[in-house]
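Reviewing the structure listed below.
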Amino acid sequence: MTWLGSPTFPKAAHEALADTQLRQNLRKATGTIRGRRAAAVGEMTDWEQLRVAGEQIKDDVLSRLDTLLLQLEESVTARGGVVHWARDAEEANKIVLDLCRAENAREVVKVKSMATAEIGLNEALEAGGVHAIETDLAELIVQLGDDRPSHILVPAIHRNRSEIREIFQRRMGVEVSDEPADLAEAARVYLREKFLTAKVAISGANFAVADSGSIVVLESEGNGRMCLTLPETLITVMGIEKLVPTWQDLEVFLQLLPRSSTAERMNPYTSVWTGVTPGDGPQRFHLVLIDNGRTATLEDSVGRQALRCIRCSACLNVCPVYERTGGQSYGSVYPGPIGAILTPQLVGDMHDPQAASLPFASSLCGACFEVCPVRIDIPSVLTHLRAEAVEAKGRTAESVAMAAAAWVFREASRYEKAQKAGSLARFLARDGRITSLPWPGSKWTASRDVPAPPSESFRAWWRKNRG
């Protein structure tokens, strides 16, 4: 879920900010998506009611997750599928690898899946002698470029079409222009043979309906439909929180998700399969349910709301921090505001410097909460996790400084003396600003200036003028 050896967010963000091409690509892409989403949502007079309904359904699922999961297992099994339970990434990867080996598959096709990226499935399969081919266009670009995804919906959002053309020419061995239609056709030709020859396909799931055992995938390109119909064996890897109780509940999310993610009224391809149908589609279906930190997250009364997430990416597209640093700076398969609250909880260790840095990757402007289709209060969870990160650090220079500040603020006389002492800093100012302070003030002035303090505090002015 976090990339091995990833730097902390501040360090990675500092490097990303120096990449002007990256910032240009992100600004153009997120700005376009924001505008289209706003138009699509603006058509819905009951949008806020839908958000509340989505929130309530998800909270209901989380409150009785144990019984709903057993109901799902029973429904899938009754319709010819096989359910596997995985406690963590290692267990899930072993299950999938063993299933591929049982089919003598040396190559598998994959539908875009955040869950498989979270557990590092592609790398685990490769180590076991099975090559996984990403069939989503953006995921294919990332894979062929030996790159990392930087967006939930558009993994290659940090690449422009000239960069994609270079990747295709180098890895596919074809001459192609940088026109989108030509790039898409090159990908079609490359993938067509893979679709027709693969015996095993691997997918994620947007939703699973507990009472029928149906699995639902929403996509825009049709590659998922090819993976879900042609191979003989289908393996779906799904986080245990992706449940909805009934088909009626699914209706709410089929309105919320497309408008929030692709800014469409409905996804071009909505694929639903229920177990195995003789003579139609894959004849062997396996559902791998992964925990991987989710039940631990469920125990946190504040942080658990992150498990409502339906992976729409709306919060990324409005986040001023993400727009400037890109998704790779988060060091996780889940970037942006949702990644900043989900990854640390799934990792489950605030002593991990990289994971502990993510809750601070935000300005707390609240734009993410305003667009979230299931009303995850991301700013509140961020501040909650920041407190946990500070507590995990123990006694640090920062905590000592905060304790000293609290001691000063507790007494009016101490506070007034501190104000008088602080006013002396004006002698360090040039043109009304202080650009350099000694430690620990240097931590501030390393990245921003400080306005010069006035020669007289408000308290002193009030006493002199008002008595």
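Some points to look at:
- Selection over segment 96-143 of residues that are free of Cβ contacts under 8 Å to residues at least 24 places away in the same chain, closer than 18 Å to Ser332 by Cα and among the acidic types (Asp, Glu) gives a count of 1.
- Members of segment 4-58 found to be closer than 19 Å to Gly336 by Cα and of a type in the set (D, E, K, R), listed by number: Lys11, Glu15, Asp19, Arg23, Arg27, Lys28, Arg34, Arg37
- Given (1) buried (at least 16 other Cβ atoms within 10 Å of the Cβ); (2) hydrophobic (A, V, I, L, M, F, W, C); (3) over 22 Å from the mean Cα position of the chain (by Cα); (4) more than 28 Å from Lys194 (Cα to Cα), index of the condition Leu62 fails: (3)
- Among the conditions (1) open to solvent by 20 Å² or more (accessible area, probe 1.4 Å); (2) modelled with pLDDT of 95 or more; (3) farther than 16 Å from Pro379 by Cβ, the only one that Pro278 does not satisfy is (2).
- Test result for Pro454, more than 30 Å from Thr343 (Cβ to Cβ) and either β-branched (Val, Ile, Thr) or out of contact with any Pro (no Cβ under 8 Å at 6 or more places or on another chain) (or both): yes
- Test: residue in segment 206-225 that is in a helix (DSSP H, G or I), under 30 Å from Ala78 (Cα atoms) and not basic (Lys, Arg): yes
- Residue among Ala181, Ala186, Ala156 that is under 30 Å from Ile33 (Cα atoms), of a type in the set (Gly, Ala, Ser), without any contact (Cβ under 8 Å) to a residue 24 or more places away in the chain and open to solvent by 40 Å² or more (accessible area, probe 1.4 Å): Ala181
- Filtered by the rule that a residue be surrounded by 14 or more Cβ atoms within 10 Å (Cβ to Cβ), within 20 Å of Ala401 (Cα to Cα) and out of contact with any strand residue (DSSP E or B) (no Cβ under 8 Å at 6 or more places or on another chain), segment 420-452 gives a lone residue, Ser423.
- Selection status of Arg27, surrounded by fewer than 17 Cβ atoms within 10 Å (Cβ to Cβ), in contact with a strand residue (DSSP E or B) (Cβ under 9 Å, 6 or more places away or on another chain) and touching a residue at least 24 places away in the same chain (Cβ under 8 Å): no
- Within segment 281-296, the set of residues being polar (S, T, N, Q) and either within 26 Å of Val61 (Cα to Cα) or open to solvent by less than 20 Å² (accessible area, probe 1.4 Å) (or both) comprises Asn292, Thr295.
The values are calculated or read from the model by the stated rules, or taken from the named source; none is laboratory data. Predicted model only: the values in this text are computed from it and were never measured. Positions of Cβ are generated from backbone atoms using ideal geometry, with glycine treated the same way; all protein chains shown enter the neighbour counts. These area figures cover heavy atoms from the full protein model, side chains too; ligands, DNA and RNA do not enter into them. Shrake-Rupley method; radii C 1.70, N 1.55, O 1.52, S 1.80 Å.
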